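This report refers to the structure that appears directly beneath it.
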């Protein structure tokens with residue numbers, strides 16, 4: 001994948017790009033970068049223009065400048081600027097934090113989306129004001145966020161990252177990582193706390209999901225924690241044109257652990273939307289002739 005950059009105000013957005021064809025934009029999870037999607041890009045490059053940006057503060061993209069309050073709109077507007085350069089709508093795919101950004105993009109900039117794929121988006125804000133299950137799911141992720149924030153405040157950056165990694169990947173996952181990978185993750189802990197703030201405090205609620213106009217695929221792991229699975233249930237009920245697919249043996253990091261099952265679901269979603277789009281165009285042309 002080759003590298004590109006785009007200046008948006010005071011920020012410089014870096015991205016990775018490869019291939020030709022319909023554009024698809026992949027948004028990575030907290031603690032990652034656009035390189036999370038390298039295997040997807042290699043599999044798709046013959047038929048699609050694959051673009052994988054580094055979100056704010058990750059990879060080589062500018063860190064948050066600190067003017068005002070950080071929120072998901074900051075990230076979504078950066079991605080909107082990138083998609084706007086394409087002069088055509090794109091298929092948007094987001095995982096975890098990238099999924100929360102993708103959802104925000106769909107609400108703020110619907111004209112930029114050809115389709116939307118959300119892989120366990122970290123849209124924790126959708127759990128606020130819900131039922132007892134929502135409250136329990138929100139409490140669990142809020143406790144994780146608080147533990148991380150408290151550890152950061154007292155300088156225990158390794159402890160903060162241990163809690164983060166073990167929550168999403170299972171107890172002992174942090175200890176299994178090689179030393180250099182731990183150090184690389186710890187260097188991102190400041191942005192990770194901002195990601196939690198943004199995803200917990202966004203004002204979007206389930207009633208607002210009706211405004212998502214793009215055909216939407218939601219992918220969940222059967223072994224994931226309650227919180228992301230509960231969010232997926234809200235999404236499939238609230239988005240008008242949405243379908244849910246669950247990979248029973250997968251956990252939250254399913255784009256990395258179950259690529260061979262996730263990728264066909266995404267490509268089929270794009271194929272179905274392309275067929276529907278062709279049908280709609282044919283109907284319009286027929287009415288015009290009549």
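What follows draws every value from the coordinates through simple rules; no lab data is involved. Please read these numbers as outputs of a predicted model, since none were measured by experiment. So basically every Cβ, Gly included, is an ideal-geometry build from the backbone, and we count neighbours across all protein chains shown.
Observations on the model:
- Separation of the stretch 196-220 and the stretch 140-183, taken as the distance between their Cα centroids, equals 26 angstrom.
- Net length gained if the chain between residue 241 and residue 18 were fully extended (0.36 nm per residue, minus Cα distance): 77.3 nm
- Approximate spin-label separation residue 131-residue 77, in nm, with each point projected 7 Å along Cα-to-Cβ: 3.7
- The stretch 198-251 shape via C-alpha gyration tensor axes, a/c threshold 1.5: oblate
- When each of 108, 230 is scored by the number of other beta-carbon atoms lying within 10 Å, the sequence from fewest to most is 108, 230.
- Among beta bridges identified by DSSP and lying wholly in the chain, the antiparallel ones come to about 30 percent.
- Between 0 and 90°, nearest 10: helix 157-169 axis offset from the chain longest Cα axis: 50
- Helix 189-201 vs. the chain, principal-axis angle (Cα, 0 to 90°, nearest 10): 60
- Calculated [θ] (222 nm, deg cm²/dmol) that DSSP helices of n ≥ 4 give over the chain, each run adding -39,500 (n - 2.57): -15000 deg cm²/dmol
- Calculated FRET efficiency for the pair residue 87/residue 108, C-beta based, R₀ 22 Å, to 0.05: 0.70
- Multiplying the residue separation of residue 173 and residue 274 by 0.36 nm and removing their Cα-Cα distance gives an extension gain of 32.4 nm.
- Rounded, prolate or oblate (a/c below 1.5 giving rounded, otherwise prolate when a/b exceeds b/c) for the chain by Cα gyration tensor: prolate
- Alpha carbon centroid spacing (whole Å) that separates the stretch 222-258 from the stretch 1-59: 23
- A crude spin-label estimate for the pair residue 63 and residue 187, with each label 7 Å from Cα along the Cβ direction, gives 1.2 nm.
- FRET efficiency for the pair residue 205 and residue 150, taken as 1/(1 + (r/R0)^6) with r the Cβ-Cβ distance and R0 = 35 Å, rounds to 0.80.
- Distance between modelled label sites at residue 47 and residue 259, nm, 7 Å Cα→Cβ extension: 1.7
- Once the Cα atoms are used to define both axes, helix 132-153 deviates from the longest principal axis of the chain by about 60 degrees.
- Anisotropy class of the stretch 1-45 from Cα gyration tensor, a/c 1.5 cut: oblate
- Among 161, 139, 253, residue whose mean-square fluctuation peaks in a GNM of the chain (springs only between Cα atoms under 10 Å): 139
- Which of 61, 246 has the fewest Cβ neighbours within 10 Å, and the rest in rising order: 246, 61
- Exposure proxy ranking, count of Cβ atoms within 10 Å, fewest first, for 189, 239: 189, 239
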